Amino acid sequence: MTSLSSDAVRLACAWGTRMRHRIALTFWACATVPTALAAGSPAAIDANCSPFLTTPVFMDKVPSPEAVLGFPIGEREVTTAESDTYLDAVDRASARVVTGTAAMSVEGRPLRYGIVGREGNVTQDGLRTIRAAIQQLMDPETRNKLAADLATSTPAILWVTGNVHGNEESGADAALQVLYALADRNDCVVARILDNAIVVVLPIQNPDGREAKTRRNAYGFDLNRDWFARTQNETDGKLDLLRQYPPVLYIDAHEFGTKTFFFPPNADPVYHEVPESPFKWINNIYAAAIGTEMDRQRIPFFHGSPYDLYAVEYGDSVPTVGFHAAGMTFEKYNGDPIDTRAYEQFVAMWTSLFAAATEKARILNEWHLSYVDAKKQGADGTLEPNGIYLDGKDLLQAVPDWPVRHYFLLNEPARWRELAQLVRRLQRMNVKVWSLKEETYVGNFRPYGSQTDLRTSLPAGTYWIPMDQGQKHWIQAMLHEDPYIPVSVSYDVSAWSNPLLMNLSGGSSGEILAPTATLVPLVAEPALRGPPARAPKIGLFEIPGSATAFESAGSIRYLFERVWGVPYTQVTVDMIKAGLREIDVLLVPDGYVNYGLQALGAQGKKALAAWVERGGRYVGYLGGTELAVKAGISTVVLQTSHTSAPGTLIRVKLAPASPLAAGVDPNPEGTTTSEHPPTVWVMYFDDDRMTAGMGMAAATFPAHDDPEFATSGLAIGVDELDGSAAIVDEAVGSGRAVLFSFDPNFRAWTGGTQHLLWNALYGHTPAAVPAQPATVRVAARDRSERAAQALPDVGKAIRIVVHPQDGDVTRALLERYGAEFKELRKPERTIFLIENRKALSWEEHPFALDLARDLRQQVSPISFSVR
Ligand SMILES: [Zn+2]
């Protein structure tokens with residue numbers, strides 16, 4: 001609806017000042033470079049050599065895309081195979097280019113990449129020499145004098161990537177054009193880049209998605225949310241290659257539905273451990289250069305909302321926090337023809353590469369100092385403060401000033417899989433993990449989920465991760481208990497603490513310690529778990545029709561096939577109508593329930609309920625839970641929540657006697673009592689509030705004054721959940737329904753609640769199932785169904801939460817956009833739920849992005865989320 005020119009954006013811009021370690025860093029917050037800053041930047045003043053004013057000189061030694069593919073870049077989108085073909089052709093023709101394969105996709109397509117540089121730099125010896133020098137620069141122990149010399153003599157490693165979302169094509173096409181230009185041109189622009197850098201070009205990060213024209217990969221994963229967890233081959237292989245060729249610049253080119261172009265500066269919130277130097281390069285070097293060039297070429301663009309730099313899960317935040325690189329997201333309007341899309345992406349990429357090359361020695365030197373500074377912060381136990389950079393609001397939550405020098409993870413045998421996964425994850429991001437050789441006394445030990453420090457002894461074998469490392473920022477980003485969100489609006493999840501996601505015991509300490517410990521060698525990937533003996537026959541029903549269901553069922557297929565290694569049957573509507581005779585346990589993940597009901601029809605609903613009555617076990621979550629209610633199976637009561645907690649970790653209590661709690665124990669000694677029940681951290685995404693009906697609450701959200709109550713991330717209004725059920729186990733005839741109010745396999749991140757899902761599928765039936773008189777059951781079912789009918793029929797809604805006084809403005813805006821929405825009022829908050837039945841993402845949705853930006857210019861929303 002709105003197409004903002006850069007002029008319009010400029011009006012909304014402000015100067016920001018960031019205070020850290022008594023250094024005030026001023027950056028321009030929006031739009032173009034102030035003249036004074038530009039004058040200091042060689043990239044901006046070099047009249048003799050400019051990325052777009054200098055006439056390109058092609059040597060015609062390397063075939064152009066047109067010569068190889070039969071059409072120029074921009075005539076139509078290249079296919080994955082054509083992209084691969086072109087990489088091969090350039091590799092054959094050019095001594096400046098070597099190619100390789102970063103990973104194989106789920107469907108077996110290679111993620112092909114090229115490295116382009118001066119001939120001597122891209123031989124095996126050349127690359128080895130560069131990698132060794134880069135390792136020295138990343139090492140905080142390298143003396144500054146040597147580092148300064150290396151910064152001058154070593155090429156920087158710059159990454160250009162695209163198409164992590166399969167239906168956002170143009171970054172790939174532009175990256176091929178970058179590769180061609182770097183391989184064949186012989187002019188001052190390319191000379192500057194090749195004299196100062198090697199460039200890794202990975203055009204297609206998601207080949208399966210590109211071929212299927214889907215955002216997600218073949219397992220339904222959004223690969224731009226998979227970076228820290230690296231569950232998918234595509235992500236894992238890419239990160240291995242990044243570790244081999246650590247970047248100082250990582251460009252991740254996307255597309256969206258807004259009629260303009262986005263590049264940083266990012267919106268608030270910014271994660272507090274984003275290192276200073278790359279943050280500064282992003283804003284002062286790259287964004288400045290791109291802004292100048294796009295202004296010159298009259299290409300419209302904007303900065304800021306809703307693209308933040310907060311959750312450490314993306315192709316910008318992970319390179320930035322994990323590699324101290326300038327990680328940048330670009331977004332180009334997907335409705336423009338491919339030549340425009342590819343050209344504008346090329347402009348942003350090419351300008352960035354030239355700017356990086358121009359500033360290379362300074363960047364590499366500051367890069368080294370950034371690692372030195374990180375290690376020193378770790379030794380001092382200093383957490384980076386957080387701040388507000390664009391919004392001009394008050395800080396929601398400051399980073400506390402208590403010291404954190406160490407993290408510890410208890411080596412509990414029952415958790416060995418999650419521990420292996422996490423330790424391996426850390427190690428493969430260059431974190432050193434140690435194992436205590438003897439029992440060690442630790443003062444100021446703060447266990448996860450506790451507000452009080454204690455003096456305790458940690459047993460031998462406990463994993464110890466000291467912060468006194470170059471990867472201090474990454475350690476904090478993965479092992480923190482709380483991400484300290486600076487403002488209440490987050491682009492995606494507000495929490496991602498790895499130990500909490502995995503429900504591991506451990507904590508931090510600020511004490512100065514020198515434990516006796518051994519360095520842990522690289523931990524092997526845990527083998528598939530394998531099915532239990534006499535496993536029941538598992539069926540998986542994907543509710544048809546929405547991206548939610550594809551993603552949710554896809555993450556289950558991934559879990560079953562690649563983590564657990566268990567057999568299952570994909571259940572169809574026809575199989576349900578035919579009575580599901582071959583299936584013992586039916587799993588129904590999330591999805592838009594009304595599409596499911598339409599597909600099942602009256603006959604399917606009846607058959608499903610009859611199957612449970614006859615002894616089937618129905619396991620559902622989110623949409624799958626709602627389906628159980630609307631198909632007349634369960635009596636749980638679902639109500640829309642009024643919370644503002646998009647992707648928040650909340651600790652829930654398990655009923656100790658429930659078979660769902662088997663193997664989940666918070667105490668290393670295995671002493672579960674009614675005072676200290678087993679607990680697990682749940683990934684809560686403003687899910688519906690559930691009460692047990694006639695079933696038993698197997699997991700409960702604790703009350704606020706309960707010692708087990710704990711949250712991580714944005715948790716506004718979660719007191720509404722007090723005492724409500726997170727899991728209900730209900731006897732239904734001879735069968736049973738196990739229903740989750742949350743996603744126990746959220747993006748396959750949640751090792752902790754995956755245990756509960758395992759127990760739901762394979763665990764015992766509760767010993768005593770109370771018999772329910774039929775009349776009581778009918779009344780309960782009626783209550784449950786009425787509540788479900790009252791749920792707003794909006795699918796996976798876009799959720800806007802505002803202060804009541806901002807309700808009118810928000811409503812007017814929604815009406816202007818022609819949005820279909822429901823409004824819920826609480827004294828403290830007004831909630832708008834906007835229809836999103838197909839579960840479109842920010843980028844795919846016709847107006848979510850524009851709406852978010854318009855809204856943030858008029859009011860300060862409490863939160864705004866798209867799931
Ligand atoms: Zn995207």
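The values are calculated or read from the model by the stated rules, or taken from the named source; none is laboratory data. All values derive from a computational prediction rather than experimental measurement. So basically every Cβ, Gly included, is an ideal-geometry build from the backbone, and we count neighbours across all protein chains shown. The area values use the complete protein model at the heavy-atom level, side chains included, leaving out ligands, DNA and RNA. Shrake-Rupley method; radii C 1.70, N 1.55, O 1.52, S 1.80 Å.
Quick notes on this structure:
- Straight-line cross-link partners of LYS61 among the lysines, defined as a Cα under 29 Å from its Cα and at least 8 positions apart when in the same chain: LYS360.
- Near the amide H of ALA517, within less than 5 Å, lie the amide hydrogens of LYS437, all on another chain or at least 5 residues away, with H placed in the peptide plane.
- Between ALA602 and LYS537, the FRET efficiency estimated from the beta carbon spacing at R0 = 25 angstrom works out to 0.45.
- Projected label distance in nm at ALA414 and ARG811, using a 7 Å step from Cα toward the beta-carbon: 5.1 nm
- Highest average first, the peptides 786-794, 419-427, 560-568 ordered by how many other beta carbon atoms sit within 10 Å of their residues are 419-427, 560-568, 786-794.
- Using alpha-carbon coordinates, inclination of helix 124-138 to the longest axis of the chain, degrees: 70 degrees
- Segment 609-657 shape via C-alpha gyration tensor axes, a/c threshold 1.5: oblate
- Only beta bridges with both residues in the chain are counted; by DSSP, about 65 percent of them are antiparallel.
- Rounded to the nearest angstrom and listed largest first, the equivalent-ellipsoid semi-axes of segment 126-184 from its Cα gyration tensor are 32, 14, 8.
- Positive-end extreme of charge dipole, the chain - chosen from PRO337, ASN503, THR258 (charges on Cβ): ASN503
- Taking every alpha-carbon pair under 8 Å whose residues sit at least 6 apart, the chain reaches a relative contact order of 11 percent.
- Looking at the chain, the accessible area is 34 square angstrom per residue; that uses a 1.4 Å probe and ignores ligands, DNA and RNA.
- Spatial separation of Cα centroids for segment 311-373 and segment 768-827, in angstrom: 42 Å
- Amide H contacts of TYR245: none lie under 5 Å away among residues 5 or more positions distant or on a separate chain (H built 1.01 Å from N in the peptide plane; Pro and chain starts excluded).
- Pairs of Cα atoms in segment 570-695 fall into 10 Å distance bins, from 0 up to the last occupied one, in shares of 11, 35, 30, 20, 4, 0 percent.
- With the gyration tensor restricted to C-alpha atoms of segment 763-867, the semi-axes of the equivalent ellipsoid amount to 37, 16, 13 Å, longest first.
- Using only alpha-carbon positions in segment 355-413, the gyration tensor eigenvalues give semi-axes of 29, 23, 12 Å once each is multiplied by 5 and square-rooted (largest first).
- A crude spin-label estimate for the pair ASP574 and LYS822, with each label 7 Å from Cα along the Cβ direction, gives 3.5 nm.
- Size descriptor, Kirkwood hydrodynamic radius, that averages inverse alpha-carbon separations across the chain, Å: 28.0 Å
- Degrees between helix 848-858 axis and first principal axis of the chain (Cα, 0 to 90, nearest 10): 80 degrees
- Averaging the Cα positions of each part gives two centres, and for segment 58-89 and segment 239-304 these lie 27 Å apart.
- Debye-sum result for segment 469-529 in log10 I(q)/I(0), which assumes one identical scatterer on each alpha carbon, at q = 0.19 Å⁻¹: -1.03
- Calculated FRET efficiency for the pair ARG786/ASP584, C-beta based, R₀ 30 Å, to 0.05: 0.45
- Counting protein heavy atoms only, the chain has 51 percent of its accessible area on carbon and sulfur, 1.4 angstrom probe.
- Counting 0.36 nm for each residue step from SER153 to GLU75 and taking away their Cα separation leaves a gain of 24.1 nm.
- For the peptides 487-493, 847-853, the ranking by mean Cβ contacts within 10 Å, running from highest to lowest, is 487-493, 847-853.
- Shape class of segment 752-815 from the alpha-carbon gyration tensor: oblate, with a/c at 1.5 or above and b/c at least as large as a/b.
- Our helix-only sum for the chain, with -39,500 (n - 2.57) per DSSP H run of n ≥ 4 divided by its residues, gives a mean residue ellipticity at 222 nm of -10000 deg cm²/dmol.
- The share of alpha-carbon pairs in segment 283-355 lying farther apart than 18 Å comes to 44%.
- Cβ-Cβ FRET estimate between LEU519 and ASN144, R0 fixed at 35 Å, reported to 0.05: 0.85
- Summary of packing: across the peptides 140-153, 172-185, 329-342, the per-residue average of other C-beta atoms within 10 Å ranks them, highest first, as 172-185, 329-342, 140-153.
- Distance between the C-alpha centres of segment 140-202 and segment 517-550: 37 Å, rounded to the whole angstrom.
- Coarse-grained scattering of segment 385-486 at q = 0.11 Å⁻¹, given as base-10 log I(q)/I(0) from a Debye sum over alpha-carbon atoms: -0.40
- Degrees between helix 170-184 axis and first principal axis of the chain (Cα, 0 to 90, nearest 10): 30 degrees
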